[in-house]
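Colleague: Structure in structure tokens, see below.
The values are calculated or read from the model by the stated rules, or taken from the named source; none is laboratory data. In this text, all values refer to a predicted model and were calculated from it rather than measured experimentally. Cβ placement follows ideal geometry from the backbone for every residue including glycine, while neighbour counts extend to all protein chains displayed. Surface areas here come from the heavy atoms of the whole protein model, side chains and all, with no ligands, DNA or RNA. Shrake-Rupley method; radii C 1.70, N 1.55, O 1.52, S 1.80 Å.
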Amino acid sequence: MICAVKQSSRAIHCSDGVIRSKISVPSKRSLFLPPLPMQKPPKSAVSVHKAVHVSSLENFGSLRVRKPNPIKCEAYEADRSQPIESSIDLSQNQARSEAAKKLKIGSYFALWWALNVVFNIYNKKVLNAYPYPWLTSTLSLAAGSLIMLISWMTRIAEAPKTDIEFWKSLLPVAVAHTIGHVAATVSMSKVAVSFTHIIKSGEPAFSVLVSRFLLGETFPLPVYLSLLPIIGGCALAAVTELNFNMTGFMGAMISNLAFVFRNIFSKKGMKGKSVSGMNYYACLSILSLLLLTPFAFAVEGPQLWAEGWKTAVSQIGPHFVWWVAAQSIFYHLYNQVSYMSLDEISPLTFSVGNTMKRISVIVSSIIIFRTPVQPVNALGAAIAVLGTFIYSQAKQ
């Protein structure tokens, strides 16, 4: 800080706390008295008894070298509205980014649930008129694979960088995914959509049992207790189901078990693989399609497919073609969005979202297909879904 203090014609200069006086008082020798010793004035004592006037705080004197002050302090008068830069801007930006992230996640969830509901509706319509679940499962994987291949070729989406080790690690995941997908489709071809999803809400019970007895993992007591309403609710819903079918029930159970192994293989084999959720599911669909296609030809075959197609088109009309295309496309889209949401949220949030997804599918399918539901059956479904939610909370 450089300042100048004027007192009449005298000036006292101070720079950075060092006071320098420019008043020089010449010492005169007396001819008759001996010289007296001169005492040096105190370095830091300045006494001014008259009023002073501060004329300037900058650009004073002939000093050319000034060190800039790294700390800039600014003050404003009370009646002047001037912006003050502080950490408030940073906190506001963080709040905006958090709000944008929540909006993005909410959009993912809403789109995920909506696409899943649409897929289940069209899938059930197709299976009612065309009861060939192996072919419909193959078409679902084929549509997703084709969509992603076109997206990569047109550079709408960036193609993943994979190697042989990636595909080796993905192979057991694809096997489990293929079995779970076909088993769920077989189940929905035999029973109501709501019943299939009630049984599939018991997947956490399979996850805990497989992890405990095959992998040796242990869980806290609340996790084990949360399985009781899941198992009890599914059992109550199955016993009171009006249109119970053993093939449909076993298909849902096999799907649960297969998807548990899919998650286990995915966690173990895909660690350290830098592939986004969207591309990961695309690669999974392609590999599952290659695995499923020969089995679909062996189990059902082109002859049954051709005869069933003629019957379905003659009964429903050209709309049947749209139904098949819709169930294939929406299957890929809802799975793609769910894997994309995994990149943005925690596993706990995903589990909660998956539980809410099942509720939306069960309720919407009951309304659209006018599925008869007994009060006890509805109670069992509610208990099973509630147990799934409790499990997702207790596991964390």
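Colleague: Given the conditions (1) modelled with pLDDT of 90 or more; (2) open to solvent by 20 Å² or more (accessible area, probe 1.4 Å); (3) more than 25 Å from residue 150 (Cα to Cα), report the number of the one that residue 308 does not fulfil.
Modeller: Unmet condition: (2).
Colleague: Taking the residues in the range 199-215 that are over 11 Å from residue 384 (Cα atoms) and modelled with pLDDT of 85 or more as candidates, determine which candidate is surrounded by the most Cβ atoms within 10 Å (Cβ to Cβ). Break it down stepwise before answering.
Modeller: We begin by selecting, within the range 199-215, every residue over 11 Å from residue 384 (Cα atoms); these are 206-215.
Now narrow it down to the ones that are modelled with pLDDT of 85 or more: 206-213.
Working: 206: 19, 207: 23, 208: 20, 209: 13, 210: 16, 211: 16, 212: 14, 213: 9.
The qualifying residue surrounded by the most Cβ atoms within 10 Å (Cβ to Cβ) is 207.
Colleague: How do the helices (runs of 4 or more DSSP H) wholly within the range 280-396 filter down when requiring 3 or more residues that are of a type outside the set (Asp, Glu), free of Cβ contacts under 8 Å to residues at least 24 places away in the same chain and farther than 24 Å from residue 193 by Cβ: which remain?
Modeller: So the answer is 302-316.
Colleague: Taking only pairs six or more apart or across chains, which ones have beta-carbon atoms under 6 Å, a first residue in the range 232-245 that is at pLDDT 85 or above, and a second residue that is part of a helix (DSSP H, G or I) and open to solvent by 20 Å² or more (accessible area, probe 1.4 Å)?
Modeller: 233/383; 240/376; 245/190
Colleague: Looking only at the range 357-382, which residues are of a type in the set (A, V, I, L, M), open to solvent by 30 Å² or more (accessible area, probe 1.4 Å) and within 25 Å of residue 115 (Cα to Cα)?
Modeller: So in the range 357-382, the residues of a type in the set (A, V, I, L, M) come out as 359, 361-363, 366-368, 373, 376, 378-379, 381-382.
With open to solvent by 30 Å² or more (accessible area, probe 1.4 Å) added as a condition, the list becomes 359, 363, 366-368, 373, 376, 378-379, 382.
Scanning the range 357-382 gives 359, 363, 366, 367, 368, 373, 378, 382.
Colleague: Sort out which residues of the range 218-234 are open to solvent by less than 70 Å² (accessible area, probe 1.4 Å), under 13 Å from residue 386 (Cβ atoms) and of a type outside the set (Gly, Ala, Ser), and write them in order of number.
Modeller: Residues satisfying the conditions are 227, 229, 230, 234.
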